[in-house]
Every structure is written in C-alpha cells, then in structure tokens.
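The values are calculated or read from the model by the stated rules, or taken from the named source; none is laboratory data. Since the model is a prediction, treat every value here as computed from it, not as a measurement. Positions of Cβ are generated from backbone atoms using ideal geometry, with glycine treated the same way; all protein chains shown enter the neighbour counts.
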Amino acid sequence: MQPVIELSGLSVRFGKRPILKGLTTTLSARTIGLLGPNGAGKSTLIQTLLGFCPVSGGTARVLGHDIRRDKSSVRAIVGYMPENDALIANMSAVSFVRMMGELSGLPSSAALERAHEALFYVGLGEARYRALGTYSLGMRQLAKLAQAIVHGPRLLILDEPTNGLDPPARRRMIRLIREMRDSGCVHLVLCSHLLRDVEETCQEVLILKDGQIVHHCDLEKEHQANRRFVDLEAVGNTQGLVEELAALGCECTPGSSGRFHMTVPDGFELRQLYGIAARRDLQLRRVSYRRDTLEDIFLKAMEN
Amino acid sequence: MAVYKRNYAPYSGRLTSRWPRFFILTRYSYARLFQSRFLMLLISLCLVYPLGCIAFVYLSHNASFLRLINFRGTELLSIDGRFFYTFCVVQGNLACLLTAFTAPALVSPDIVNGGMQLYLCRPFSRAEYVLGKLTGLFLLLSLVTWVPGLLIFVIKSSLAGWGFVRAMDWLAGGLLLGLVIWVLLLSLTALAVSAWVKWKNAAGALLLGIYYIGAGFGTAVNAVFHTNLGSLINLNHVMYVVWADLLRYDNGSETPLRHACVVLVLASALCLWLLSRRVRGFEVVK
C-alpha cells in the first residue's frame, strides 16, 4: 500500500520558536486521525503539508509527492477544509464551489456540473443559489466540505469538520466522512479535538504534543490488543488490597474514598476479584469493566 | 458523482492548462463588479471626455462643419504632445477615482473571510492570485485610459493620413507606455491598500489620500524646506513628469525624470512587498 503521508524529520519554525520538531513517521490508512491539545502543531502540520508554512528541516511526502519540490502536485491532489470560516460572503454557494473547481483545473462546464453535484452530495442542494453570507454555521461547514471535494481529490484534509455543529448536523457530517471513506476513492485526514469523531471514522491515529509525535497507532489493532480496565469502589478494610491485586498481575491505582482503577491482564476473571473481596470482607459498591478507548490512549499519550 | 447517485466519486475528466488560470479570478471579479449600477455609471462618465475628444477630432476634419463655423485656419486644434498630455491628466485622474471605488472590494473580502487559504490550497500560487486581481483592475482602467487614447490617435491618423502617423508615431508609443505605467501603479497601490485595509470605505479614502493628500503634503514639504524633493511624494506629479517626457511636452516641472522613475520603481516595489506580506495561506499570530 502506498503511504499517504511520510514525514522525514519534518521541522517548522516560526521565527525562533520551533513548532514542529523533527516529525518522522509513515501514515498509510484510508482515514487518519490527527489529535493533540491546543498548540500541539496539528494545524501547522496540515498547513505545512499544503505548502503554506516554510519547512526549516526535513521533508514530507504526500501520496509520493515531495512537499518542498512538488508543491503544486501536492495541492492538485489534496482537498482542504479549513477549521475557521473560509468563504466569500457575497457569492452564491454554486458560484463559489464552481470557482474553486475551476481553480483546481476543472474546465468551466465540468466545474459547474461538479459544483451542483458536490452541493447536492453534502446536502445543500436546495440552498445552492443562496449567498454564502446568509448560511448558518452548519451550512457553512457543509459548503466548505463541498469546495474541498469538488475537484475529486485523492486526499481530503478536514480540519475540525464538526466544529460548532449541533448533534444532527454532526451525525450528518460523520456519515458523509464514513461514506467517502467507504467509497475507497479518497484518503482522509481528520484533525479534531473530539475524540469520538476520530474514533468513529479513523483507522490510524497520530497524536501530537508540543510539536512532537507522542503516539502513533493503528486503532483497529489497538482495539484488538488493548488492555481492559476495572473501576472499583469498595467499602471496608482496603489496606493491602493493591498488593494482593498486584500478585494477580493487575496494575492498581488507588483513588479517593476506596476507589481503585485497575488494569487487568489477559485471563483475569472478575470472579477472582469477588473472591478477594469475600476473603477481606469488603463491600463492592461499584465494579465497572471496560476496554481501552481512544480517550484512554490519548490521555496516556499526554501523560507520557 | 452524479446527482441521482449521491455518492462520492473522483473527477476523471481533462484538466485545464495551468498558465491562464489566473483569468478565472479576473472573470469572477468582473461578475461581481459589474453587478453595481453605480460602477457602470462611473465608467460611462469616465468615457465622456474621450468621446468628446473623438467627436472633436472628427469634426476638425469635417469640411461641412468647418464651413459652418467659418473656420479658415490650417487646423482647429493640433493633436500633439500637449493634447495627449491633457488627455493623460484628465483620464489618469478619472482612473484614480474609478480605482478608489472598485479596488477596495478586490482583496480584502478574501482576507477577512479567510478565503485566501482556499485559493492557495489549490494548484494556484500567490503570484497567480495577485496577477488575476491585477489583470481585472488593469483591464478596467485600460478601458478609460490608453484604449480611448489610442482610439483617438487611430481616428486622427485615419483622417489625417499616413503623413501624420509617420510624423507622430512616437506619440502613440508614449501615450501607451505612459498610461500603462499609470494603470499598473494604480492597480498595484489599490491591491496593496485593499489587502491591508479591511473596510471598503476606509480603503477607498486611503487610496484617494495617497494620490491627492500626498500632493498637498509634498507642496508643504517644498515650501518649508525650500526644495523640490517634496514633489516626489506626490505620485500624480511624478507621473506628470513621466508623461511630459514621453509626450515631449514641457509642463514646467523641475523634477528630473530619473528621480520620477526611481519613485515609481520604489512605490511599485513597496506595493508588491505589502501584498506579499498579506497574500498568504496562513497567518502567524504574534
């Protein structure tokens, strides 16, 4: 499989301040999630891939095209939906999307046809002749998506696509992203603060912190191999409980008021926990058993 | 991606050639500009003087008209450097006014609405963006400056014969070059102002200020410091010096041509630098 994005020691500086610090990795999945706290460098990474930010060291390749040497080729195969408002207020949606299609190289008639199709596809078919300035926030997000797909890119970069959307609009956006992923015609990079959005749509996740990669994982494999957790709330004599559970292979972190967070090994059965509670005459007020989520992966990466 | 299917499909048709893509911006800019009736009125008013000149040139070769006014001289009005210098001054100032009304809406809406990154994330460079916007303004201003100027020259030549063309061919070249320089300077200044000033009215006022308040400021500098270097602040005056030289007309200015040329080059370079600072796909917030 051809790598979608290859980063080789990619560094970016704004003045003297390093923003991206020698990123090196290869991303190959159909949908890639880009996560990180504010200021981690996610948007800078996207803008560097698009050739907006000057590279101070290393390089990157997008679907085989070097971002320093083939900037134009990279932009020709990428569709970009920016995070913030990016529209031309006094144009109708169809003119706007058509113009963006023409700028991407589509002939005028084909751009018009694709603009109508893209607007119907994202659900703005009925409102396509309205001025963009009159659109609601949700509609603007959809218009931005339409302009990003009008030229049929091979890689679609979506920066916070569900920002400011109400729950039905968010579900619609997630459904569109899944549909595009399942079409098999386009790779997607989804940059979002909403872990649930990434978990629902992405196959591979890259987590950035302070301009460095802190975690890179295949979500499918991670879900298959991840560890299981038990959150426990007990009343009674809990002294020595941590050591007893550790003897069974559990990593146990005590919390306040008899609460414990346990990471349990393979083969561990809850019956063993009940056995210990019975022996120590402990009352188990709450036992919740769950698997590793993207939130756990993210928080762990942030702690590291 | 057919409408009835409503699912995503890549584009597999042919692509357009890269170099003329900047015209797309020009085309869409015109579509927006010509929606304004006021602009159409302003363009019509800018063409009143050239139409008057054309009528005058025609009538000065019309025997019936000359007999009617009982004219007995050799030429009603000589079509020479002075005539075209006056034409340049009148049409040049009208072009400036037209720019102040049209140009502020060219770049600032793209920057204010964050549209710049949408243009530049495509195979479309910053230079092409500026070229596209510049071409729009250049063609519009050409319509009221060198195009009617050359039309007057052509009409005069057709009426006066090849002798006039052979004797005055430098006039056509000087007119074309002088007005093209002016139109380019106006376009660059207007784009730079539009890129930096968000409000249309303020941008228009600033543009007029650069060209007309600069004249007053330059006169004040000349008076206070007993020099003529203040005239170099006045871009209108600088251009008059260039026009006078190209059209071989003595307008009484003491400013040397080379100083005027240096000012024009510096003003254009400053505008390009200002544009390069604003026309970007991203903005670093300090």
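For region B:30-43, a residue qualifies if it is part of a helix (DSSP H, G or I) and surrounded by 11 or more Cβ atoms within 10 Å (Cβ to Cβ), and the qualifying residues are B:Tyr30, B:Ala31, B:Arg32, B:Leu33, B:Leu39, B:Met40, B:Leu42, B:Ile43. On the phi < 0 side of the Ramachandran plot, away from every other protein chain (no Cβ under 14 Å), assigned to a helix (DSSP H, G or I) and under 27 Å from the mean Cα position of the chain (by Cα), is that true of B:Pro20? When the stated conditions are applied, B:Pro20 does not pass them. Take the residues in region B:56-89 that are over 30 Å from B:Asn236 (Cβ atoms) and basic (Lys, Arg); name whichever of them is surrounded by the fewest Cβ atoms within 10 Å (Cβ to Cβ). Out of the qualifying residues, it is B:Arg72. Among (1) out of contact with any Asp or Glu (no Cβ under 8 Å at 6 or more places or on another chain); (2) closer than 19 Å to B:Leu188 by Cα; (3) crowded, with 18+ Cβ neighbours inside 10 Å; (4) among the hydrophobic types (A, V, I, L, M, F, W, C), there is one condition B:Phe124 misses while meeting the rest; what is its number? It fails just one condition, (2). Within region A:75-102, residues that are crowded, with 24+ Cβ neighbours inside 10 Å have Cβ atoms under 7 Å from residues that are of a type in the set (Ser, Thr, Tyr) in these pairs: A:Met99/B:Tyr28; A:Glu102/A:Ser108, counting only partners at least 6 apart in sequence or on another chain. Counting only residues that are without any contact (Cβ under 8 Å) to a residue 40 or more places away in the chain and part of a loop (DSSP other than H, G, I, E, B), which one in region B:102-116 is surrounded by the fewest Cβ atoms within 10 Å (Cβ to Cβ)? If we take residues in region B:102-116 being without any contact (Cβ under 8 Å) to a residue 40 or more places away in the chain and part of a loop (DSSP other than H, G, I, E, B), then B:Gly114 is surrounded by the fewest Cβ atoms within 10 Å (Cβ to Cβ). The helices (runs of 4 or more DSSP H) located wholly in region A:16-135 that include 2 or more residues which are closer than 19 Å to B:Phe282 by Cα and within 13 Å of chain B (Cβ to nearest Cβ) occupy A:42-49, A:71-77, A:93-103.
Does A:Glu179 count as free of Cβ contacts under 8 Å to residues at least 60 places away in the same chain, surrounded by fewer than 23 Cβ atoms within 10 Å (Cβ to Cβ) and either more than 9 Å from chain B (Cβ to nearest Cβ) or under 10 Å from the mean Cα position of the chain (by Cα) (or both)? The answer is no for A:Glu179. When B:Arg122 is tested against (1) part of a helix (DSSP H, G or I); (2) touching a His at 6+ places or on another chain (Cβ under 9 Å), just one condition goes unmet, and that condition is (1).
Of the listed requirements (1) within 11 Å of another protein chain (Cβ to nearest Cβ); (2) surrounded by 22 or more Cβ atoms within 10 Å (Cβ to Cβ); (3) of a type in the set (Ser, Thr, Tyr), B:Thr99 misses just one: (1).
Okay, residues lined up against (1) part of a helix (DSSP H, G or I); (2) among the charged types (D, E, K, R); (3) in contact (Cβ under 8 Å) with a residue 60 or more places away in the chain:
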site	(1), (2), (3)
B:Leu118	yes, no, no
B:Gly132	yes, no, yes
B:Val144	no, no, yes
B:Ser158	yes, no, no
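Of the residues examined, A:Gly138 is not one that is in contact with a Gly (Cβ under 9 Å, 6 or more places away or on another chain) and within 7 Å of another protein chain (Cβ to nearest Cβ).
Taking region A:206-285 as the region of interest, the strands (runs of 3 or more DSSP E) fully inside it that hold 2 or more residues being within 30 Å of A:Asn38 (Cα to Cα) and modelled with pLDDT of 85 or more are A:212-218.
The residues in region A:193-217 that are touching a Cys at 6+ places or on another chain (Cβ under 7 Å) and within 16 Å of A:Ile19 (Cβ to Cβ) can be counted, and the count is 0. Can you find even one residue in region B:169-181 that is outside any helix (DSSP H, G or I), surrounded by 15 or more Cβ atoms within 10 Å (Cβ to Cβ) and without any contact (Cβ under 8 Å) to a residue 40 or more places away in the chain? Looking for residues that are outside any helix (DSSP H, G or I), surrounded by 15 or more Cβ atoms within 10 Å (Cβ to Cβ) and without any contact (Cβ under 8 Å) to a residue 40 or more places away in the chain, one finds none in region B:169-181, hence no.
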